[in-house]
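Structure first, commentary second.
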Amino acid sequence: MEPKTHNSNSEKISQRKLFESPMLRELKTPLFIVVVIIVLAIFVGVKQPSFWGWSNIQNILFSAGFTGLAACGMTLLIGAGLLDLSVSGVMAVSAITVAYTLPHTSVAGAITVALLVGLLAGVLNGVVVAVLRIPPFIGTLGTMYLLLGVAFILTNGKVLAISSSYFYSYT
């Protein structure tokens, strides 16, 4: 007679039910995530009152602005069932373009040049995905590494300081 295995089908089903329990489903809801963030913010604000200072709020909003802009663009792609992993590379090369062109032109001119660089990166992604028929995941992953490599080469792996009177007049 064969020994019984410890993991029977009923145990597998009960394990599956554990991971599909209403409590865990409730934890996945966006409202729960918002509540947790609010509770954490209140807790941190009580422990460190400078957390609610105007300079910290400005810093948080400034830092989240880049991510928010990228998320808006990604929402359109994800809604269409596509994926673009090259966003970080495009943002890096565009930011470096602004840093290099700003001392020689106005802020609007530097932003225009950076937008053109981003447009060229988008065209490159379009050619890779649509013309060469490489899957978007693989194609944009390769473009991301290509552009991050270009960014690293252009900066020698260092942070670029912006030294422009045009820039300082806006800040």
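The table below lists the values:
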item	result
Compactness index (Cα Rg / 2.2 N^0.38 Å), region 77-171	1.21
Peptide ranges 61-73, 86-98 listed from the most packed, as the mean C-beta count within 10 angstrom indicates	86-98, 61-73
Residue 76 accessible area, 1.4 Å probe, all protein chains in place, Å² to nearest 10	140 Å²
Most to least accessible of 105, 112 (protein chains only, probe 1.4 Å)	112, 105
Shape call, region 44-100: gyration tensor on alpha carbons, a/c limit 1.5	oblate
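The values are calculated or read from the model by the stated rules, or taken from the named source; none is laboratory data. Only a predicted model underlies this, so the values are computations on that prediction, with no experimental measurement involved. Ideal geometry is used to build each Cβ from the backbone, glycine not excepted, and the neighbour counts take in all protein chains shown. Surface areas here come from the heavy atoms of the whole protein model, side chains and all, with no ligands, DNA or RNA. Shrake-Rupley method; radii C 1.70, N 1.55, O 1.52, S 1.80 Å.
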